[in-house]
Amino acid sequence: MRSSLTLAGTLWAFLSLITAVASSASYFLPYWLFGSQLGKPVSFSSFRRCNYPVRGEGHSLIMVEECGRYASFSAIPSLAWQMCTVVTGAGCVLLLLVALAAVLGCCMEELISRMMGRCMGAAQFVGGLLISSGCALYPLGWNSPEIMQTCGNFSNQFQLGTCRLGWAYYCAGGGAAAAMLICTWLSCFAGRKPKPIVLVESIMRNTNSYAMELDHCLKP
């Protein structure tokens, strides 16, 4: 089974899949931000959280040690995190679609042309830009009361207080940067160029066929 990709295109498909999976997995994992509350470790992403306080008997706070998403979109602690959720999710979807098409191009002939590869690279650039924008918006939500309770009441926009950034945040940003820089560049050389000899042979074949039909019609 012949591929529609060049050697550089095969590398592009592999890296596209890696960056898309890395960014998307990081998007869903609640390990963008680490802190502590009531002596228990707490972690956040833009729309998920691990370990949260609830009212127990006697109106005392107890920590529920489990991970989950916020009950609704409006329950996300800040507008910045709501925007981060939307733009990062859109970027991950775009990268996954391009990665899927790139992988199919390894198995299907004439699926991805040189121009199609460049268009897909432009889509990857947009996807990486969206994820990067989400990562840039994330620190704007550190001044919400929920984050301040976790970060020792010292956090503010772009100031973490006692909290620290998690590995999933760096993984999402790294995947977006790789998609924008490396994958976009490789996509320019991903598709195979059309072979001129095949086009000439096709024209000659059609011309000969037309000439034979014309000669047959002119014969008495």
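The set of residues in the range 71-116 that are of a type in the set (G, A, S) and within 17 Å of the chain's Cα centre (by Cα) comprises G89, A90, G91, A99, A101, A102. As for the range 157-175, it holds at least one residue that is part of a helix (DSSP H, G or I), modelled with pLDDT of 90 or more and open to solvent by 100 Å² or more (accessible area, probe 1.4 Å). Being part of a strand (DSSP E or B), buried (at least 20 other Cβ atoms within 10 Å of the Cβ) and of a type in the set (S, T, N, Q) is the requirement here; does S43 meet it? Here the answer is yes, as S43 does meet what is asked.
The helices (runs of 4 or more DSSP H) falling completely within the range 63-155 that include 3 or more residues that are touching a residue at least 40 places away in the same chain (Cβ under 8 Å) and in contact with a strand residue (DSSP E or B) (Cβ under 8 Å, 6 or more places away or on another chain) map to 114-137, 145-150. Among the residues examined, A102 does not qualify as touching a Phe, Trp or Tyr at 6+ places or on another chain (Cβ under 8 Å) and over 23 Å from G9 (Cβ atoms). Given the condition modelled with pLDDT under 90 and open to solvent by less than 70 Å² (accessible area, probe 1.4 Å), answer yes or no: does some residue in the range 23-36 qualify? No: zero hits.
Report yes if some residue within the range 197-207 is part of a helix (DSSP H, G or I) and modelled with pLDDT of 95 or more; otherwise report no. The answer is no, given that none of the residues of the range 197-207 is part of a helix (DSSP H, G or I) and modelled with pLDDT of 95 or more.
Residues that are open to solvent by 80 Å² or more (accessible area, probe 1.4 Å), modelled with pLDDT of 90 or more, within 21 Å of the chain's Cα centre (by Cα) and under 18 Å from L29 (Cα atoms) are absent from the range 137-153. Of the candidates V93, V87, the single residue that is open to solvent by less than 80 Å² (accessible area, probe 1.4 Å) and of a type in the set (V, I, T) is V87.
Residue count for the range 105-132, restricted to those that are farther than 14 Å from A179 by Cβ and open to solvent by 80 Å² or more (accessible area, probe 1.4 Å): 6.
The residue of the range 46-62 that is nearest to W32 (Cα to Cα), among those that are assigned to a strand (DSSP E or B) and open to solvent by 30 Å² or more (accessible area, probe 1.4 Å), is R48.
The values are calculated or read from the model by the stated rules, or taken from the named source; none is laboratory data. This one's a predicted model, so the numbers in the text were calculated from it and none came from an experiment. Don't worry about glycine lacking a Cβ; one is built from the backbone with ideal geometry, like all the others, and counts go over all protein chains shown. The area values use the complete protein model at the heavy-atom level, side chains included, leaving out ligands, DNA and RNA. Shrake-Rupley method; radii C 1.70, N 1.55, O 1.52, S 1.80 Å.
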